[in-house]
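The values are calculated or read from the model by the stated rules, or taken from the named source; none is laboratory data. If you're wondering where the values come from, they're calculated on a predicted model, not measured in any experiment. All Cβ positions, even for glycine, are placed from backbone atoms using ideal geometry, and neighbour counts span all protein chains on display. Protein only, heavy atoms only, side chains kept; ligands, DNA and RNA dropped before computing areas. Shrake-Rupley method; radii C 1.70, N 1.55, O 1.52, S 1.80 Å.
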Amino acid sequence: MVVGSNGLLYPILGFASCLIFINMFFGELEISYDKLPKMSFVERNGTHFMVDGKVFYVNGWNSYWLMEYAVDEYTRPKVKAMLKAGAKMGLSVCRTWGFNDGGYNALQVSPGLFDERVFKSAVLQALDFIIAEARRNGVRLLLSLANNLQAYGGKTQYVKWAWQEGIGLSSSNDSFFFDPSIRKYYKNYVKAILTRKNTLTGIEYRNDYAIFAWELINEPRCMSDISGDTLQEWIEEMSAFVKSIDRNHLITIGLEGFYGPKNPKKLTVNPEIWASELGSDFIRNNNVSNVDFASVHIYPDHWIHNMDFETQQKYTAKWIISHVEDGDKVLKKPVMFTEYGLSNLNKNYAPAQREKLYKMILNLMHKSAMKNRSGAGSLVWQLFGDGMEEFNDDFGFVPREWPSLYKLMTEHSCKLDRIQVKDRVVTITDSAGRSKHELKVEQNMLMSVLDLNLTKTLEALRADQSTVGKMCAIQRTNSFNQSKTTRWIEKINPFKRQDRIDKMSGFVKPTELNHLITIGLEGLPTTMSQMLIMPPFIFTNRYAAIRLTYAKLRNKNPVWLTRYTTRQIESTGTSDHR
């Protein structure tokens, strides 16, 4: 049929094109969040974070600006790019503001009233978008619920609202902590956030795995009551309130880490005397049952005046060590350094100083993790994307524009990943069940697959798609000219005979072509082609592992030397052997 120039062809085609465009654009937004990566809640066990029963160490960053950039559709790519960049660096947690009270692009326009664009509309939900994108990239969020400072409203805005309504007890900013009306404002806001159902994923915030923890308030100070009683009461009340709504997520306060007037460390560890007069106390405040982990900030150049860089660096080490000791011995909780930075406005500042300080901080975090101590992680302040100079301060940087810092942070992610692998312990017995042993990886093996059930092993490998795992594996395997290898697999089983080795390796390789296999031989003075049943008490530090590769990849089997810590567990006690 031919339609004339005055017919309906063009309007129909135009309408159809519009429908196609809408489907392509909005349909993609809706479909893209249907299948998000599998995640679990982060839990606490003593002084450690735990995920799926394994110790979880944090290397992450701050990007406070995410929600402001997620409000408008044309700036959302910046948010996506930042979360993706962090994931590529192996960064596991991003701390950002979960508030914007009053002012431009406010989330909470007035007490209990939320902006439609930021919070409730069908498509343009800023916080919904951030949480969904974080989960898509395998990044967890530490969301702060209020600000002690005036930026983005803060406690000043809450006090202003109460004062304007004629119910405020005082015009002092510190009335945020003691005014019953303002406490109610805060609770209403917290409840609205925690029970919010994400319109992109359909998941309530309190049930969302992508949220690492809730932070009650950024850098709380109540200088009108230096005894600390006012702030202490507020922390106890609000932490209990959050837990009454959300039992899935961890809670931290948001403290800077200063010691109060009654703490002996006020003179030995605090930067200066003013730090003990802020109404906060690191030990007392964090020693609340509903507070799951302690937060600490690190800004030696802002806290101590007339101090050269080398002295600042020594002080920073002392500051970190002191708080880790408190976590181990007093609080019995993880300690997380949720902000650290060095200003580029300091006199005689040089970029090498920032690199040196950050390297020291990350090394101390690594040592704490290696020693199984309470230093649970750190978050740099802060990262930005290209073309975001208006949000940059004297601490921020774009990762790809600073290759040395990019490399430093990425390598730290790999180090923590290897420690997390080291904490994956297998207990094995001989054929008669006479003795038990625990083996831990000491060398740079990325992944120890210790489950002898092959089906479960393969399922676990396919499910484990963490960015940091891929990245670390590629870094290491490139040095062995094995670019196609994305995982090291160890089958630790020194009590299986050769026929079992042949059968098991023959089963795995046709099913899983992308990974290497190793047996886990002890390297005792027997032929490497056989695996004998050895007495359970015989161990040496001369371990050798043969990586069996598929015939199409290699004809000869290389030998890779590994070393393990073995611990023999007997009824009479425990002894370690190297």
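Leaving out ligands and nucleic acids, note down the accessible area per residue over the range 130-233 with a 1.4 angstrom probe, in whole Å².
36 Å²
Quick query: amide H of Gln382 versus all other amide H atoms, modeled in the peptide plane; which residues come in under 5 Å with a sequence gap of 5 or more or a different chain?
Gly396, Phe397
Order the peptides 34-43, 125-134 from the highest to the lowest mean number of other Cβ atoms within 10 Å of their residues.
Output ranking for 34-43, 125-134: 125-134, 34-43.
Which residues in the range 293-333 have a backbone N closer than 17 Å to a point placed 7 Å from the Cα of Met223 along the Cα-to-Cβ line?
Inside the label zone: 302-305.
Output the peptides 214-222, 47-55 sorted from most to least packed, where packing is the average of other Cβ atoms within 10 Å over each peptide's residues.
On the way: 214-222: 24.0, 47-55: 17.0.
Packing proxy ranking, top to bottom: 214-222, 47-55.
Ordered by residue, what ³J(HN,Hα) values in Hz, to whole numbers, does the range 103-108 give under the Karplus form 6.51 cos²θ - 1.76 cosθ + 1.60, where θ = phi - 60° and Gly and Pro are x?
x, 6, 6, 5, 6, 9
Among Lys191/Lys415; Lys84/Lys155; Lys84/Lys356, which pairs are too far apart, with a Cα-Cα distance over 29 Å?
Lys191/Lys415; Lys84/Lys155
Bin by bin, in steps of 10 Å, what percent of the Cα pairs in the range 306-391 do you find, going until the bin that has the longest distance?
16, 43, 28, 13, 1
Please list, in chain and number order, the residues 5+ apart from Arg196 or on another chain whose amide H is under 5 Å from its amide H, with Hs placed from the backbone.
Tyr205, Arg206
What is the percent carbon and sulfur in the accessible area of the range 325-391, measuring with a 1.4 Å probe over the protein chains and ignoring ligands?
52 percent
Under the Karplus relation 6.51 cos²θ - 1.76 cosθ + 1.60, θ = phi - 60°, what is the ordered set of whole-Hz ³J(HN,Hα) values for the range 206-211, x standing for Gly and Pro?
Result, rounded to whole Hz: 5, 10, 8, 5, 6, 8.
Once you list every other residue whose beta carbon is under 10 Å from the beta carbon of Val79, what net charge do they have if Lys and Arg are +1 and Asp and Glu are -1?
+2
Step through the residues of the range 367-372 one at a time and calculate ³J(HN,Hα) from phi using the Karplus curve (6.51 cos²θ - 1.76 cosθ + 1.60, θ = phi - 60°), rounding each to whole Hz and writing x for Gly and Pro.
5, 4, 5, 4, 8, 6
Sorted by mean Cβ packing within 10 Å, highest first, what order do the peptides 169-182, 56-69 take?
Final packing ranking: 56-69, 169-182.
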